[in-house]
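Visitor: Sharing a structure with you now.
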Amino acid sequence: MNETVFMIHASFQPRKLSNTGYDVIYPEAPHVLPMKSTIDIEGEPVQITNGGRENARAWFTYNRDDPCDTTESQSGRSIEYVGLEESVDVLAEMMQECSKNNDCSNEDDVILALIGFSQGGTFAHILASLAAMGREDSFAKETKNCSSIYEIINGVIFIGAFPAKHSPLE
């Protein structure tokens, strides 16, 4: 979901948070989904339309060959979330920028909560896991900005999300 769509659908809660003094930001997922895909039907390639929304975005995809193929997403098996590392880096950079803009000298005063809807909720689950784990022991070591920034995550709200099943391919 892109930031504009989420702002429209969730505007009541962030507005309440803003009115009580919290800064609310809407990060945009970095992966733009293609409008068309080619699938195989009875041995013949067929081009299909992937919904009708231009600028549809994702935090990660489930298939390297066809970013719109979600057949494995609800299999219950561990799968690789393609592009996840880039999204983790994008959020880390955004969080670092936010912490620079606020007085974070006393980390006990910093409250960062994530609200994630659908795939964004699954992504928030991954980020919350980074905050809860020993950060250094997670896959975030492989990304360039994740050494300690996730420690400021203090809460997560998941809306219509599924638990993360990410298993990076070796």
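The values are calculated or read from the model by the stated rules, or taken from the named source; none is laboratory data. All figures in this text were calculated on a predicted structure; none of them were measured in a lab. Quick reminder, even Gly has a Cβ in these numbers, built from the backbone with ideal geometry, and neighbours come from all protein chains shown. Accessible surface is based on the protein model in full, side chains and every heavy atom, while ligands, DNA and RNA are left aside. Shrake-Rupley method; radii C 1.70, N 1.55, O 1.52, S 1.80 Å.
Visitor: Please tell me if Ala140 is at pLDDT 75 or above and either within 29 Å of Gln74 (Cβ to Cβ) or open to solvent by 90 Å² or more (accessible area, probe 1.4 Å) (or both).
Guide: For Ala140, the condition - at pLDDT 75 or above and either within 29 Å of Gln74 (Cβ to Cβ) or open to solvent by 90 Å² or more (accessible area, probe 1.4 Å) (or both) - is not met.
Visitor: Loosely packed, with under 14 Cβ neighbours inside 10 Å, at pLDDT 60 or above and under 16 Å from Glu28 (Cα atoms): is that true of Glu85 in this structure?
Guide: Considered against the rule, which asks whether it is loosely packed, with under 14 Cβ neighbours inside 10 Å, at pLDDT 60 or above and under 16 Å from Glu28 (Cα atoms), Glu85 comes out as no.
Visitor: Right, next: Could you list, ordered by first residue, the pairs with Cβ atoms under 7 Å in which the first is in region 67-92 and more than 16 Å from Arg57 (Cβ to Cβ) and free of Cβ contacts under 8 Å to residues at least 60 places away in the same chain and the second is of a type in the set (Asp, Glu) and surrounded by fewer than 15 Cβ atoms within 10 Å (Cβ to Cβ), at least 6 apart or interchain?
Guide: So the pair list comes out as Glu85/Glu142.
Visitor: Does Cys104 satisfy the condition of being in contact with a Ser or Thr (Cβ under 6 Å, 6 or more places away or on another chain), modelled with pLDDT under 90 and either crowded, with 17+ Cβ neighbours inside 10 Å or not in a helix (DSSP H, G or I) (or both)? Give the derivation first.
Guide: Details: in contact with a Ser or Thr (Cβ under 6 Å, 6 or more places away or on another chain): no; modelled with pLDDT under 90: yes; either crowded, with 17+ Cβ neighbours inside 10 Å or not in a helix (DSSP H, G or I) (or both): yes.
Judged against the criteria, Cys104 is not a match.
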